[in-house]
Amino acid sequence: MSGMDHMGDMHHHDAPAALSAKAKKQIDSVARAVKKYGTEKAAADAGFQPKFGWIPTMGEHWVAVGQMMNGGRQTNRNAPSQLMFSKIAGRDSLVGAAYAYLTATNDTVRPVLFDGAPSWHEHPDLAPEGLTLVMLHVWFVPSPDGPFAGTNPNLPFWALGLAAPDSAKMHDKQFSDRVRKASLALAEVVDTTAVLPTLAQRPDVHPVLMARRDSIGALIPEFKAAEKARDAARWDRAATKAAAQWDGLYATYLASTRTRAGRARVEQFVAMMLGKHGE
């Protein structure tokens with residue numbers, strides 16, 4: 001990460017389980033195996049296709065659909081069905097991989113691909129009726145909740161050339177929650193189509209969004225100045241302001257929903273991006 005990692009990575013809720021030496025070697029082997037797909041062109045040439053666009057705390061998933069649909073359970077650790085790309089200081093980077101397959105909703109047995117048997121998560125909303133999509137992420141970059149977490153809030157910070165938040169402080173729930181909201185606020189500046197693009201175009205949302213995005217953008221120099229000065233208090237003030245901007249944005253998004261089901265979908269998506277992945 002060069003100059004971006006001096007403020008650490010992050011942590012959410014409980015500390016991630018200690019990673020064994022064996023699991024570390026296994027992750028390294030996956031990273032080496034997919035290194036040849038390290039550019040989006042190489043991924044496309046190998047049959048991976050982008051899906052869903054850039055999701056702020058998950059990056060952009062490039063999917064080898066055939067691997068998910070052939071009835072396989074993703075038992076080959078070094079052949080993940082998905083690659084995850086995100087910008088780091090403006091450059092598209094391979095930040096992780098994912099394993100995914102469709103299975104019956106009553107199927108609770110999951111492959112053990114890594115030492116320690118990290119938990120898979122589910123996306124029943126992305127599967128046909130009677131089936132569920134099960135997934136396991138593995139991050140090649142520092143992740144707040146460990147290398148197998150469903151989300152990585154460091155991504156929007158890195159996309160803007162900022163350092164990741166201080167991992168030593170992420171055990172504090174208030175700090176952690178504030179940082180995660182700040183991450184989503186920054187994502188609105190990184191990619192204005194990444195969060196809730198359909199709602200963003202509504203007449204009652206768009207002008208509010210534009211004003212808040214301007215305010216968020218004005219905080220980026222504050223983050224950079226705090227990093228340069230190693231001023232944790234100044235950085236925290238910037239994060240607090242960014243989190244408050246996100247709270248305002250989120251309230252605007254929710255107010256613009258027109259049905260109870262639509263509101264529930266927005267709440268579920270945002271909760272997922274904030275770290276409640278697959279819940």
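If you check Ser93 against the conditions, is it closer than 19 Å to Pro153 by Cβ, surrounded by fewer than 18 Cβ atoms within 10 Å (Cβ to Cβ), within 20 Å of the chain's Cα centre (by Cα) and at pLDDT 90 or above?
In short, no.
Quick one: count up the residues across the range 212-249 that are hydroxyl-bearing (Ser, Thr, Tyr) and touching a residue at least 60 places away in the same chain (Cβ under 8 Å).
Residues in the range 212-249 being hydroxyl-bearing (Ser, Thr, Tyr) and touching a residue at least 60 places away in the same chain (Cβ under 8 Å): 1 in total.
Can you tell which of Gly71, Gly66, Gly150, Gly116 is modelled with pLDDT under 90, in a loop (DSSP other than H, G, I, E, B) and in the same structural domain as Ser29 (by TED's automatic domain parsing)?
Only one candidate passes the filter, namely Gly71.
Among the numbered criteria (1) within 19 Å of the chain's Cα centre (by Cα); (2) over 21 Å from Gly275 (Cα atoms), which one does Thr192 miss?
(2)
Answer yes or no as to whether Val30 is at pLDDT 95 or above, outside any strand (DSSP E or B) and touching a strand residue (DSSP E or B) at 6+ places or on another chain (Cβ under 7 Å).
Yes, satisfied.
Tell me which residues, restricted to the range 122-147, are closer than 18 Å to Val95 by Cβ and at pLDDT below 90.
Matches in the range 122-147: Ser143, Pro144, Asp145, Gly146.
The values are calculated or read from the model by the stated rules, or taken from the named source; none is laboratory data. Predicted model, so just to flag it, every value in this text is computed and none were measured. Cβ sites come from the backbone with ideal geometry, for glycine too, and all protein chains shown count toward neighbours.
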